[in-house]
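A short worksheet on the structure shown next.
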Amino acid sequence: MAIEDVMIIENSSVLYDEILSHRLGLVPLTTDLDSYVLPEECSCKSELGCNRCRATLSLEAEATDESRYVYSGEMKPENPEVKPVSDTIPIAKLAPGQRIKLEAYAKLGRGAEHAKWQPVSSAAYKYLPKLSIDPKKCNGCAECVKFCPKSILAIKNGKVTVEREIDCSLCRECERRCPQKPPAIRVGWDVSTFVFAVESTGALPPARIVKEAARILSKKAIEMRKILEEG
Ligand SMILES: [Zn+2]
């Protein structure tokens, strides 16, 4: 969920209403996927939405004697399940006498439409690394241990061992540094297994993001099959 519409009641800050709204839109909100529906799938068909497709947050801030920052934590959510992920995101700076009063409407959306609806800050995948060491060839010189940028190799009883295989970045530096020709250590990977890393903005737990993404993907595949069968 992200803020999509903002009703500005008062804004005497130096920020234009549009900039203020844009900043509010980019504040990550905790998302309650089970209580809300996408605005286009809601039965209300109203522009500002209803209780099923929007969550209201209000903000009232004023600087009296000293200038001060307005932070995301000052937004008051109507539904406690939909609130800023962090309370310390600066929204505006107010000089004495300046005031902001507004009502913001958060709605569900998709990252394809606007980055503010993207629940993921970084996602990456790699094949599952598989390292093999030929014990007959390895003389325990430890050159590979020294040069591995991820420090996943160690020396035990004069032989090289792999400590955390999953952290291998598949750079093959160990193969290049091994004085044996061909190298005693070999970097390979399992082409049938991915290591998938997902970092959430805090809007949803990472496992839920992956599950929802898979659900959307499968829905699209079913639609695609339907189109092909009809065509
Ligand atoms: Zn609605």
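The values are calculated or read from the model by the stated rules, or taken from the named source; none is laboratory data. Since the structure is predicted, the reported quantities are computational estimates derived from the model, not experimental observations. Here the Cβ is made from the backbone with ideal geometry for all residues, glycine too, and neighbour counts use every protein chain on show. Please note that ligands, DNA and RNA were not included when accessible areas were found on the heavy atoms of the full protein model with its side chains. Shrake-Rupley method; radii C 1.70, N 1.55, O 1.52, S 1.80 Å.
Residues are listed down the side, and each one gets a yes or a no for (1) more than 16 Å from ALA203 (Cα to Cα); (2) away from the ligand (no atom under 16 Å from the Cβ); (3) modelled with pLDDT of 95 or more; (4) open to solvent by 20 Å² or more (accessible area, probe 1.4 Å):
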| site | (1), (2), (3), (4) |
| --- | --- |
| LEU26 | no, yes, yes, yes |
| LEU33 | no, no, no, yes |
| GLU41 | yes, no, no, yes |
| GLU60 | yes, yes, yes, yes |
(message) If the requirement is being in a strand (DSSP E or B) and either at pLDDT 95 or above or over 27 Å from the mean Cα position of the chain (by Cα) (or both), which of these qualifies: ARG176, ARG186, ARG225?
(response) ARG186
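May I ask you to verify whether TYR16 is more than 10 Å from the ligand (Cβ to nearest atom), of a type in the set (Phe, Trp, Tyr) and on the phi < 0 side of the Ramachandran plot? Break it down stepwise before answering.
Numbers: more than 10 Å from the ligand (Cβ to nearest atom): yes; of a type in the set (Phe, Trp, Tyr): yes; on the phi < 0 side of the Ramachandran plot: yes.
Answer is yes for this residue.
Is at least one residue of region 43-58 away from the ligand (no atom under 16 Å from the Cβ) and at pLDDT 95 or above? Full working, then the answer.
Let us first name the residues in region 43-58 that are away from the ligand (no atom under 16 Å from the Cβ), namely 57-58.
After this cut, where a residue has to be at pLDDT 95 or above as well, the list is 57-58.
Yes; the residues of region 43-58 include at least one that is away from the ligand (no atom under 16 Å from the Cβ) and at pLDDT 95 or above.
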(request) Being open to solvent by less than 60 Å² (accessible area, probe 1.4 Å) and either at pLDDT 95 or above or among the aliphatic types (A, V, I, L, M) (or both) is the filter here, so list the residues in region 98-113 that pass it. (result) GLN98, ARG99, ILE100, LEU102, ALA104, TYR105, ALA106, LYS107, LEU108
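Here's the yes/no breakdown for (1) part of a strand (DSSP E or B); (2) aromatic (Phe, Trp, Tyr):
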site	(1), (2)
GLU81	no, no
THR88	no, no
ILE100	yes, no
TYR105	yes, yes
ALA112	no, no
(message) Go through (1) within 16 Å of the ligand (Cβ to nearest atom); (2) touching a strand residue (DSSP E or B) at 6+ places or on another chain (Cβ under 8 Å) for MET75 and report which single condition fails.
(response) (1)
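So that you can scan it fast, the table gives a plain yes or no per residue for (1) over 14 Å from the mean Cα position of the chain (by Cα); (2) farther than 30 Å from ASN51 by Cα; (3) of a type in the set (Ser, Thr, Tyr):
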{"site": "TYR105", "(1), (2), (3)": "yes, no, yes"}
{"site": "GLY111", "(1), (2), (3)": "no, no, no"}
{"site": "ALA115", "(1), (2), (3)": "no, no, no"}
{"site": "GLN118", "(1), (2), (3)": "no, no, no"}
{"site": "LEU131", "(1), (2), (3)": "yes, yes, no"}
{"site": "LYS136", "(1), (2), (3)": "yes, yes, no"}
{"site": "CYS148", "(1), (2), (3)": "yes, yes, no"}
{"site": "ILE152", "(1), (2), (3)": "yes, yes, no"}
